[in-house]
Amino acid sequence: MNKTLKNTILGLCMMAACVPYACKLPYITNAWKTSPLDSHDWIFLLLGFVTLGIALFGVRGKETRRDLAGLPLLCACILLYIIGVKRDIHAISIMASVLFAASATCLLWGWECFIILLPAFLVFCLSVTSTSYWITFLLSPLGLKSLPVKIFLTVLAIAVAIIQANVHFIPKKHSSFFLCFLCFAFLVVIFQKEAHIKSAPFIPDFSACMFKDAKGYAQTPTAGDLQFFEGAKKLDKYVFGTSDSNIGILALELGSNVHQIHPPSHCLRSQGSNIQSEKLSVEDLRFAQITVTEICFTRGSHSMLCWYWYASPKFSTPSFLSFRRYWRPNDEWHSYQITTPIYNDDIGKARERLRVFLADVAEANNL
């Protein structure tokens, strides 16, 4: 085949491989505009093109040849993309579309070209929406934030691209596939437990505004609340006073647009709060037992404790992953966040305050 014609066909095929990502661009650009955590990710898209330009110097003059090793990669990406679209999880389908284009380079240009260009595609992956949240979530035990981690990974990828453009280090396919399998298995192990957490359904009603020693009142949602939780079928806010402090309640009946529902830690970070810790906690409320996610955070100079969970008539779960796994647009789902101050670093007292309050609420609601 004529070399010019061959290069033209390969170029058109690569453009076609980028179509899935192009279809997601409207959502991606909107996320950059509206989500504070995703607002800087456009930088990594630009740096991805910079890394790609560097990497392309490494493939100049190389003879491209098809490599069927790219076929299983391509099939895996197609399956991942379908799962993302079917379950309406944009982050998965966007990531799959980036990896689909990367797999196409392996199939069309060969394994060596694929490895040389891989650093650029890894930087493109850092621009995918929600990666900032999940990187912070995974590395929260180390106290690391997503932005410096992303910057470090980008600098590392650019350095590798520069080295690869001059000295090609091409790992063997079997070793690379095995390493990818180990990484995938590691992520499955990490997320598997959280994706299946269930406890008894716990859908309390706070509207009585009086539960033994705790007396409260309903608050009118602000315009900011209504905008931030747009799509919720019902939004209730309460403040309860106890013998030693106060407790804030945010109770939502969720709507059918799951993309307007975010983990509370994501919302807190977007509002400028500093998350100190985030963990699961099983709480015995005398008449009920519920598993919650406990977040310790600071807002300005104030330390706060927050418990949250999602609930359906069938079960409750503290995990956003579990909620997304079982959420269906026609099902009834509720989200609850209860927050109280931490005084003098005495988190035990704050926990007991929430525990006693929820136990009284559960008793009053016959839960």
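Where the convex hull is taken over the Cα atoms of the chain, what is its projected area averaged over directions, in nm²?
Values: hull surface 80.3 nm².
One quarter of the hull surface, i.e. the mean projection, equals 20.1 nm².
To one decimal place, what orientation-averaged projected area in nm² is obtained for the convex hull of the Cα set of the stretch 210-364? Please list the in-between numbers first.
Details: hull surface 36.2 nm².
Here the figure is 9.1 nm², rounded to one decimal.
With springs only between Cα atoms under 10 Å apart, run a GNM on the chain and tell me which of 257, 344, 246 wobbles the most.
In the Gaussian network model the winner is 344.
How do 175, 273 line up, fewest other C-beta atoms within 10 Å first?
Values: 175 9, 273 19.
Ascending number of Cβ neighbours within 10 Å: 175, 273.
So for the stretch 229-291, what are the equivalent ellipsoid semi-axes in whole Å, largest first, each being the square root of 5 times an eigenvalue of the Cα gyration tensor?
Numbers: eigenvalues 105, 59, 49 Å².
In descending order the semi-axes read 23, 17, 16 Å.
Distances longer than 20 Å among the Cα atoms of the stretch 75-166: what percent of all pairs is that? Kindly include the intermediate steps, with their values, before the conclusion.
Working: 1914 of 4186 pairs.
Here the tail beyond 20 Å accounts for 46 percent of pairs.
Taking other Cβ within 10 Å of each residue's Cβ, how do 188, 160, 98, 128 sort, fewest first? The partial results should precede the final answer.
On the way: 188 10, 160 19, 98 23, 128 27.
In order of increasing Cβ crowding within 10 Å: 188, 160, 98, 128.
How high is the relative contact order of the chain, given as a whole-number percent (alpha carbon pairs under 8 Å, six or more residues apart)? If you can, show how the numbers build up before the last one.
On the way: 564 pairs, mean separation 51.8, N = 367.
Averaging sequence separation for qualifying contacts and normalising by length gives 14 percent for the chain.
By how many nm would the segment from residue 274 to residue 23 grow when fully extended, if each residue of separation counts as 0.36 nm and the alpha-carbon distance is taken off?
Working: separation 251, 0.36 × 251 = 90.36 nm, distance 3.46 nm.
Between residue 274 and residue 23, full extension yields 86.9 nm more.
Report the net charge of residues surrounding residue 210, where surrounding means a beta-carbon distance below 14 angstrom and charges are Lys +1, Arg +1, Asp -1, Glu -1. Before the final figure, lay out each step's value.
Values: positive: 212, 215; negative: 205, 213, 360, 363.
Net charge around residue 210: -2.
Write down the radius of gyration of the stretch 3-194 and its Dmax, each obtained from C-alpha positions, in Å.
16.7, 53
Bear in mind these aren't lab numbers, they're just calculated from the coordinates by the rules spelled out. Everything quoted here is computed from the prediction, not taken from an experiment. Heads up, the Cβs are rebuilt from the backbone with ideal geometry, glycines too, and the neighbour counts pull from every protein chain shown.
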